[in-house]
Amino acid sequence: MSDAASPDPRASLPAVDRFMALPAVTVLEADWGRPTVLAEARQLLAETRQGLTSQDRVPDTDSLIRQLASRLSAMPGRGPRPVFNLTGTVIHTNLGRSPLPRSAITAMMAAGGSTDVEFDLASGRRGERDHHVERLLCQLTGAEAATVVNNNAAAVLLTLNTFADGREVPVSRGELVEIGGSFRIPDIMRRAGARLIEVGTTNRTHPQDYAEAIGPDTGMLFKVHPSNYVITGFQRESGIGELAAIARAHGLPLAWDLGSGSLVDTSRFGLAREPMPGDALAAGADLVTFSGDKLLGGPQAGIIVGSQEAVAAIRRNPLKRALRVDKLILAALAAVLRLYGDEDALRREVPVLRLLTRGQADILRLAERVSPQMAACLGPDWRVDVIELASQIGSGALPVANLPSAGLAIAPVPERGRGEALDALHLRLRRLPVPIIGRVQQDRLLLDLRCLEDEAGLLAQLPELAAS
Ligand SMILES: *Cc1c(COP(=O)(O)O)cnc(C)c1O
């Protein structure tokens, strides 16, 4: 019943200026910047005012602040922020690949100010950026020299451009892969100025196929780890040793793009063995390229290890300057490389290796602890089950390896409109202060808990989820 004496509730909504001055709103400015918060606050208040009739109760200030925070958290443009990766893909490219070890984060903070990144403290002259990691990389791979660029795609581009600009490069048809995110070997070769000469067939390429493709215009031999797919069955891949013999006979450099390139034998962690950069060099490759943020477990970087001569040629390429790495990355990479050499330290300190080797029993226990709290938070409309899952390594490393894992399967109880309900729930999870990213599969939202280490942090968000 309308009371003529009561004022229109719309008038009691706070004015933008007053709203912006509230301490809880000011706090948001630190995260988003004042212009963004102001624009969202204006819009929120305007929409709220519009939606109200004279009979409605005005939302209280706390509720308005919560709505503002939730709108802001759904907005891009604040810079990358932490999320819970519960997708089941450990090295998830869209979620920042490797979580960094503590020591790497500390090293980056220390390098944030002025550093000797390209300064030789002994002589007081200009120094070499690569020197911060070169010795470590050489010790770990047996290489004579090493250099680092922005990512492995850059390492491949630079390698091809250095040795095969305007020249031919025979590559096996079984290795003309697309890695994802539009990185395709034929395209990158063209951009590097190299002419691709396809050799062999998709499933079988013999050393002779390479030998026959070599002519006066050949610049180098190039082998690619197919990363995210495998060819099984009637299959023949030319080994790096076989290619090295051909390359040597023709006086050509040989490079192998390893992609992930682990610096530890992954079979020691119960995974299949990935080819290692050191093995490739020992078998005769002149250069090996691999990523810093895949199985290595470090920051985004492209690592090139090889002979003194080949690495020196790469350093002389002017493109190297365009692809160079930042001081923060060098600091983090050096810190990660220092952990190698001690297997216990690796398993303990390098998150990628710790997460990949996490036992299913451990993850199941975690799921049993989280499940009832999640169920209580979601209420009777949702069913939460603990289930066994299979995680993947991701980023093209060991693509067929499935890691026994566990997690939560969340499904709406009224089975009608399931798809929409699931999408809405996933959106609520992604709008939390630390967004939770799972995957929707077979009418369920799956949260693989392999990568959940901050259990308390996740649980602390449940009240917020319940309120959303
Ligand atoms: C991942 C990958 C790349 C690209 O490496 P980025 O570090 O992502 O740039 C290139 N080649 C292979 C074989 C890969 O697996």
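Taken together, the values in this text are just the output of simple stated rules run on the coordinates, not laboratory data. Given the structure is predicted, the values throughout are model-derived calculations rather than measurements. FYI the Cβ positions are ideal-geometry reconstructions off the backbone, even for glycines, and counts take in every protein chain you see.
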Using modelled amide H (1.01 Å from N, peptide plane; none on Pro or chain starts), what sits under 5 Å from the amide H of residue 204, excluding residues fewer than 5 places away? 236
Calculate how large, on average over all directions, the projected area of the Cα convex hull of the stretch 125-165 is; give the answer in nm² to one decimal. 3.9 nm²
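Return a whole-number percent for the relative contact order of the chain, with Cα pairs under 8 Å and 6 or more residues apart as the contact set.
Once divided by the residue count of the chain, the mean separation gives 19 percent.
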What spacing in nm lies between the two simple spin-label points modelled at residue 420 and residue 440, each 7 Å away from Cα in the Cβ direction? 1.2 nm
Overall Cα dimensions of the stretch 48-119 - principal axes, largest extent first, Å: 69, 36, 18
So how far, in whole Å, is the C-alpha centre of the stretch 242-305 from the one of the stretch 68-119? 27 Å
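For residue 385, what charge total do you get from the other residues with a beta carbon under 14 Å from its beta carbon, if Lys and Arg give +1 and Asp and Glu give -1?
Summing Lys/Arg as +1 and Asp/Glu as -1 gives -2.
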What is the local net charge at residue 131, summed over the other residues whose Cβ is closer than 10 Å to its Cβ (Lys, Arg +1; Asp, Glu -1)? -4
Can you pull a Stokes-Einstein diffusion coefficient for the stretch 102-349 at 37 °C (0.692 mPa s), Rh from Kirkwood over Cα pairs, as a whole number of µm²/s? 177 µm²/s
Would you mind checking which residues have amide H under 5 Å from residue 195's amide H? H placed 1.01 Å from N; only 5 or more apart, or other chain. 166, 167, 168, 169
Theoretical gain in end-to-end length, residue 453 to residue 56 [0.36 nm per residue, Cα-Cα removed]: 138.5 nm
At 20 °C and 1.002 mPa s, what whole-number value in µm²/s does Stokes-Einstein give for the translational diffusion of the chain, with Rh from the Kirkwood sum over Cα pairs? 84 µm²/s
By its C-alpha gyration tensor, with a ≥ b ≥ c as the square roots of the eigenvalues, how is the stretch 9-73 shaped: rounded for a/c under 1.5, else prolate for a/b larger than b/c, else oblate? prolate
Which value in deg cm²/dmol, rounded to the nearest 500, describes the helix-derived mean residue ellipticity at 222 nm for the chain, given -39,500 (n - 2.57) per DSSP H run of n ≥ 4 and division by the residue count? -12000 deg cm²/dmol
Can you tell me the order of 129-142, 201-214, 27-40, 327-340 when each peptide is scored by its average per-residue count of other Cβ atoms within 10 angstrom, highest first? 327-340, 129-142, 201-214, 27-40
Between residue 102 and residue 462, what length in nm is gained on full extension when 0.36 nm per residue of separation is reduced by their alpha carbon distance? 127.0 nm
Solution diffusion estimate, µm²/s, Stokes-Einstein, the stretch 295-445, Kirkwood Rh from C-alpha pairs, 25 °C, viscosity 0.890 mPa s: 127 µm²/s
Would you mind calculating the gained length between residue 322 and residue 230 on full extension (0.36 nm times residue separation, minus the Cα-Cα distance), in nm to one decimal? 29.8 nm
Looking at the square roots a ≥ b ≥ c of the eigenvalues of the Cα gyration tensor of the stretch 234-313, which shape do they give, rounded for a/c under 1.5, prolate if a/b is larger than b/c, or oblate? oblate
Set of lysines near residue 223 by C-alpha distance (under 30 Å), chain-local residues within fewer than 8 positions excluded: 294, 320
Give the span of the stretch 315-373's Cα atoms along each principal axis, as three whole-Å numbers ordered largest to smallest. 58, 28, 16
Sort the following peptides by mean Cβ neighbour count (other Cβ atoms within 10 Å, averaged over residues), highest first: 222-228, 354-360. 222-228, 354-360
Interatomic Cα distance distribution for the stretch 1-137, bins of 5 angstrom, percent: 2, 7, 12, 12, 10, 10, 10, 9, 7, 6, 5, 4, 3, 2, 1, 1, 0, 0
